[in-house]
């Protein structure tokens with residue numbers, strides 16, 4: 001248990017150090033936009049107060065340093081990507097009807113769909129305008145590549161969201177099909193790693209290597225979040241209603257008997273804590289879920305192998321810790 | 001000598017011709033560009049295709065860019081690399097706006113929201129916004145100087161935020177009959193930021209002087225206000241639209257003016273708070289608005305703004321007449337009595353000047 005705590009704390013500290021500056025700037029940037037409508041200003045303030053995304057800017061910083069670049073050079077790009085990720089996060093909550101995240105009401109829950117839509121748009125616009133402003137700081141060729149990465153990877157994310165939307169409420173979806181969506185959703189993590197490496201002047205082969213690492217890490221993050229949702233009755237109910245079922249449940253559904261039992265619980269109007277505990281037990285005892293665990297292990301191994309050639313050992317071990325923290329307890 | 005005034009049909013025909021000639025190319029290029037994107041999700045692909053090929057026929061915005069650029073002595077073709085992204089960005093705003101207003105049908109066509117639902121509409125709007133900005137980045141390669149692109153992007157951003165602010169303020173007007181016309185006009189003015197951005201940007205692209213850029217900016221803002229007021233006027237005589245405005249949006253300006261009269265307010269309050277609006281209700285609302293002078297008031301306001309708008313374009317090098325015609329077209333439509341037409345077929349105003 002102690003080791004676990006240490007690992008999570010370690011990852012948190014590692015990412016915080018790399019993200020704090022950019023997070024502060026991003027907050028200032030969005031709060032600079034003064035609107036006449038009080039609700040929008042309040043919604044900006046609300047999001048900013050709870051905004052603590054250290055993962056995305058942290059990845060840019062790690063990738064930049066891994067190729068020998070200065071972490072400070074990556075800050076403006078971290079700010080852009082923070083805003084961009086926030087925009088999609090806010091819009092995603094509208095689509096998924098997510099009312100609670102990390103224990104706090106989302107902008108959607110607190111201010112409603114319309115304000116959340118406008119706030120997401122504002123973040124998106126702000127991000128894209130700031131990205132244009134970076135044209136002065138980076139050579140044209142580099143900026144072209146960055147635009148290209150952002151365009152293609154965020155289109156992929158939107159595509160994944162849309163595919164997921166079309167599968168809402170479908171309990172017969174195969175785990176492989178949903179895994180494909182998780183893979184597509186991991187595109188933004190790949191984008192962050194690639195961009196960090198480009199900003200740090202990395203060669204194409206290392207940019208690709210770090211991009212692949214980012215994709216694998218993104219998939220692992222997605223799977224981990226799916227495992228966590230199995231433990232949260234409220235979140236689980238939202239997943240049933242507004243999203244796809246978490247991956248471990250879909251794996252467990254490979255066994256028709258288990259599927260029948262779990263569906264009995266899921267069809268209840270309200271899932272009690274006791275029901276949730278039972279679902280967890282059933283899932284964790286299910287052989288097919290073991291297949292998922294093995295898949296996770298393989299992905300982690302591939303991610304470790306991919307970064308073994310990183311010459312900066314300190315950075316390499318930081319990247320290993322990130323992967324390790326994602327597979328702990330699964 | 002008495003010169004015969006052109007009829008509404010003649011003006012419509014001329015305006016349509018100008019807008020088609022000036023705006024069609026950029027609209028087509030915008031369509032081609034966005035439809036090239038490789039998208040796995042069939043629904044998003046179909047929604048994008050539907051929006052760009054069957055729904056979005058906005059030739060007015062790219063035409064305005066072309067006209068205003070030439071008006072300050074610029075080559076209208078240089079506006080194309082900016083007109084394409086701006087077409088996509090305007091489309092994105094329109095789609096997201098429909099989600100907020102829950103507009104499922106516009107004119108006779110279902111919106112993306114109406115046809116594909118909220119989630120797909122949201123994602124399609126995001127995709128258009130994203131693509132629009134990526135294309136603005138590419139405008140430099142297409143010959144627009146980088147420093148001009150930077151200024152243009154700032155104008156687009158400010159307009160976008162002003163529009164968002166207007167949308168958010170308008171949300172507070174839903175279901176209310178006590179909105180002061182001035183309060184609503186403040187929102188209308190903010191909404192006109194979009195048209196101002198177009199005329200201002202084109203003046204910059206055309207190499208206009210500071211005065212010309214300012215004059216065209218002011219003209220665009222006023223034209224934008226006229227367009228919204230025109231829509232408000234038309235909504236008063238369209239059953240579907242007036243019902244939607246009562247239920248989901250802000251009441252149109254003629255009605256807000258009419259409700260300033262305590263007599264009209266007491267007559268209409270009951271109808272305006274009803275769950276559903278019938279055709280008979282719509283007729284009563286329209287007639288009472290007319291009787292209280294709400295329509296005339298908005299008509300006069302539009303004429304006054306149009307006169308003001310014309311004063312900003314009188315010193316332009318070229319296209320004064322075309323821009324004047326466009327202003328007249330938007331401001332001059334209302335020359336018939338509502339009592340005769342409230343039950344008639346919808347007015348044929350096929351040019352999509354506003355979104």
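The values are calculated or read from the model by the stated rules, or taken from the named source; none is laboratory data. Quick caveat: nothing in here was measured; it's all calculated off a predicted structure. When we count neighbours, we look across all protein chains shown, and the Cβ atoms used for this are built from the backbone with ideal geometry, even at glycine.
Structure above, values below:
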item: Top-ranked residue of segment B:96-115 - restricted to ones that are at the interface with another protein chain (Cβ under 10 Å from one of its Cβ atoms) and in a helix (DSSP H, G or I), ranked as nearest to residue A:131 (Cα to Cα); result: B:96
item: Segment B:168-213: number of residues that are within 24 Å of residue B:82 (Cβ to Cβ) and modelled with pLDDT under 95; result: 0
item: Among the candidates B:225, B:271, residue that is in contact with a helix residue (DSSP H, G or I) (Cβ under 7 Å, 6 or more places away or on another chain) and modelled with pLDDT of 95 or more; result: B:225
item: Residue B:61 being touching a residue at least 24 places away in the same chain (Cβ under 8 Å), away from chain A (no Cβ under 14 Å), surrounded by fewer than 17 Cβ atoms within 10 Å (Cβ to Cβ) and on the phi < 0 side of the Ramachandran plot; result: no
item: Unique residue being surrounded by fewer than 21 Cβ atoms within 10 Å (Cβ to Cβ) and out of contact with any helix residue (DSSP H, G or I) (no Cβ under 6 Å at 6 or more places or on another chain) when the list is A:240, A:271, A:228, A:249; result: A:228
item: Residue match in segment A:194-205 (condition: surrounded by fewer than 21 Cβ atoms within 10 Å (Cβ to Cβ) and not in a helix (DSSP H, G or I)); result: yes
item: Filter result (loosely packed, with under 15 Cβ neighbours inside 10 Å and in contact with a helix residue (DSSP H, G or I) (Cβ under 9 Å, 6 or more places away or on another chain)) within segment B:33-45; result: B:35, B:38, B:42
item: So residue A:308, is it without any contact (Cβ under 8 Å) to a residue 12 or more places away in the chain, touching a helix residue (DSSP H, G or I) at 6+ places or on another chain (Cβ under 8 Å), more than 27 Å from residue A:160 (Cα to Cα) and surrounded by fewer than 17 Cβ atoms within 10 Å (Cβ to Cβ); result: yes
item: Looking only at segment A:112-130, and only at residues there that are closer than 19 Å to residue B:172 by Cα and free of Cβ contacts under 8 Å to residues at least 12 places away in the same chain, the one that is nearest to the other protein chains (Cβ to nearest Cβ); result: A:114
item: All positions within segment A:136-193 that are out of contact with any helix residue (DSSP H, G or I) (no Cβ under 8 Å at 6 or more places or on another chain) and outside any helix (DSSP H, G or I); result: A:139, A:170, A:172
item: Helices (runs of 4 or more DSSP H) fully within segment A:1-83 counting 2 or more residues that are within 14 Å of another protein chain (Cβ to nearest Cβ); result: A:2-31, A:38-50
item: Helices (runs of 4 or more DSSP H) wholly inside segment A:221-330 containing at least 1 residues that are at pLDDT below 90, under 30 Å from residue A:203 (Cβ atoms) and over 19 Å from the mean Cα position of the chain (by Cα); result: A:313-327
item: Test: residue in segment B:79-89 that is without any contact (Cβ under 8 Å) to a residue 40 or more places away in the chain, buried (at least 21 other Cβ atoms within 10 Å of the Cβ), out of contact with any strand residue (DSSP E or B) (no Cβ under 7 Å at 6 or more places or on another chain) and within 14 Å of chain A (Cβ to nearest Cβ); result: no
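Quick grid of which residues meet (1) within 17 Å of the chain's Cα centre (by Cα); (2) at pLDDT 95 or above; (3) more than 9 Å from chain B (Cβ to nearest Cβ):
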site: A:86; (1), (2), (3): yes, yes, yes
site: A:105; (1), (2), (3): no, yes, yes
site: A:110; (1), (2), (3): no, yes, yes
site: A:141; (1), (2), (3): no, no, yes
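Residue-wise test of (1) away from chain A (no Cβ under 14 Å); (2) assigned to a helix (DSSP H, G or I); (3) in contact with a strand residue (DSSP E or B) (Cβ under 8 Å, 6 or more places away or on another chain).
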site: B:43; (1), (2), (3): no, yes, no
site: B:53; (1), (2), (3): yes, yes, no
site: B:73; (1), (2), (3): yes, no, no
site: B:94; (1), (2), (3): no, yes, no
site: B:136; (1), (2), (3): no, yes, no
